[in-house]
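Throughout, read-outs are computed from the coordinates displayed, never taken from laboratory work. Note that the coordinates shown come from a computational prediction; the quantities given were computed from them, not determined experimentally. Glycine gets a Cβ as well: all are built from the backbone with ideal geometry, and neighbour counts include every protein chain shown.
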Amino acid sequence: MPQTVPPMLTMIHELLSEISVSSTSAQWDTGNRQVIDKLAGWLSTLGFSCEVLPLPGKEHKANLIATLGSGPGGLVLSGHTDTVPFNESRWTMNPLALTERDNKLYGLGSTDMKGFFPIAIEAAKEFLDQPLKEPLIILATADEESSMDGARALAAQGIPKARFAVIGEPTELKPIRMHKGIMMQAITVEGRAGHSSNPALGNNAMEAMHLVMTDLMAFREEMQQKYNNAAFDVAVPTLNLGCIHGGDNPNRICGQCELHFDLRALPGMKNDDLTHEISQRLKPLAKQLKVNISLRSLISNLEPFEQPADSELVKVAERLTGYSADAVAFATEGPLLQKLGMQTVVMGPGSIDQAHQPDEYMALNQLTPAIELLKQLIRQFCL
């Protein structure tokens, strides 16, 4: 008989107590090894075979693959162990502890998404002494909130192998089979600086960027005329001009200007195709304006996610929850798990509305339904 682990709420508290922020800013970024090691310890105690996989070049960050049973196929219950940065002064309670109040469980990562792991462990405990026909895998990843390098590393390694994956992001236990992709790009215009009293002395990069922005907005309009998916609240692809930096003084012709933008593509669109099209549009502008224009990625692109509506996993999730599979605006590791050959849905307790903000919480009444739903999935795909 496997040994026991702490009660579920205690496990949630212990996970929340470990700082595991991932951020593109070095001043906020931390490791996640304490969370991974704690999960590995609990799951090993219950009889799971645990493999801790440090990220290449980042020994303080790791993924965890915990497997109960053996053989091909099986079910992955997946989540990320990192959180966004936080400002403790904006919280009305300790963000690094579990606080139960007004039928809510407060704490950083309570819903997004450390709280999912103790729920998955609680569901798995029912099957510890049962012979599984196909394995149950609990997957914990690093850096989802910044680079998704944890899931990218797994995709590159080709592990884990399974037939089905459920990502426990907060969806109020409704199945999600689609979300948009995301790419973030920088456009740099190199002109020529000079004294502002004589425009002929230079070539204003900011003025050139004005025309680049006009062309980007025209491209956005063309995309939105061409692509539409009514399953999304925002049914068209979006292109947001996020920030711009250029020049250094009012009396100098701007010699360099840089624009950062993001583009969120619908399922069926390809990030590489969009990047190529933008690059091709910039070439004649550079020639016309006699400036250098370059395009570079700010992050590793994430493709749009779509699991076909007639997939076995989607149909089972819809039957078990009573909800039709839907689409969401936020991005997940779904496309990367699909690369491993798994049918994938996003479905977990809590609401995304509570994520990434002070006093994040999970409603207490989500726990028992989440445990029961995961048990049903394990019975369906592992027994």
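How long are the three semi-axes of the equivalent ellipsoid for segment 1-134, computed from the Cα gyration tensor as the root of 5 times each eigenvalue, in whole Å, largest first?
27, 19, 11
For segment 278-383, what mean projected area does the convex hull of the alpha carbons give, in nm²?
Projected area, direction-averaged: 11.0 nm².
Applying the Karplus parametrisation 6.51 cos²θ - 1.76 cosθ + 1.60 with θ = phi - 60° to the phi angles of segment 123-131, what ³J(HN,Hα) value in whole Hz is obtained for each residue in order, glycine and proline being reported as x?
5, 5, 4, 5, 10, 5, 9, 9, x
Before anything else, pin down the relative contact order of segment 1-111: Cα pairs under 8 Å, at least 6 apart, normalised by residue count, whole percent.
28
Could you work out how far the C-alpha centroid of segment 157-204 sits from that of segment 242-289, in angstrom?
Cα centroid to Cα centroid, the span is 12 Å.
In bins 10 Å wide, starting from 0, what share of all Cα pairs of segment 183-297 does each bin hold, as a percent?
Using 10 Å bins, I get a P(r) of 14, 42, 27, 13, 4, 0 for segment 183-297.
Could you list K287, K180 so that the one with the fewest beta carbons within 10 Å of its beta carbon is first and the one with the most is last?
Fewest to most other Cβ atoms nearby, the residues stand as K287, K180.
Given H placed 1.01 Å from N in the peptide plane, which residues other than close sequence neighbours of K104 have an amide H under 5 Å from its amide H?
L364
Check which residues have an amide H placed less than 5 Å from T344's amide H, if you skip close sequence neighbours.
Excluding prolines and chain starts, which carry no amide H, the hits are A165.
Pull up all non-local amide H partners of Q256: gap of 5 or more, or a different chain, and H-to-H distance under 5 Å with H placed in the peptide plane.
G191, A205, G247
Quick one: work out Rg over Rh on the C-alpha atoms of segment 230-313, Rh as Kirkwood radius.
1.11
Only Cα pairs under 8 Å and at least 6 apart count here; give the relative contact order of the chain as a rounded whole percent.
Answer for the chain is 23 percent.
Which three extents, in angstrom, do the Cα atoms of the chain have along their principal axes, listed largest first?
Projected onto the principal axes, the Cα atoms of the chain cover 84, 46, 40 Å.
Rounded to the nearest 500 deg cm²/dmol, what is the calculated helix-only ellipticity per residue at 222 nm for the chain, with -39500 (n - 2.57) per DSSP H run of length n ≥ 4?
Result for the chain, helices only: -9500 deg cm²/dmol.
Rounded to whole Å and ordered largest first, report the semi-axes of the equivalent ellipsoid of segment 120-189 derived from its Cα gyration tensor (root of 5λ).
32, 16, 11
Counting only Cα, what are the radius of gyration and maximum Cα-Cα distance Dmax of segment 28-68, in Å?
Considering segment 28-68 through its Cα atoms, Rg and Dmax are 10.7, 35 Å.
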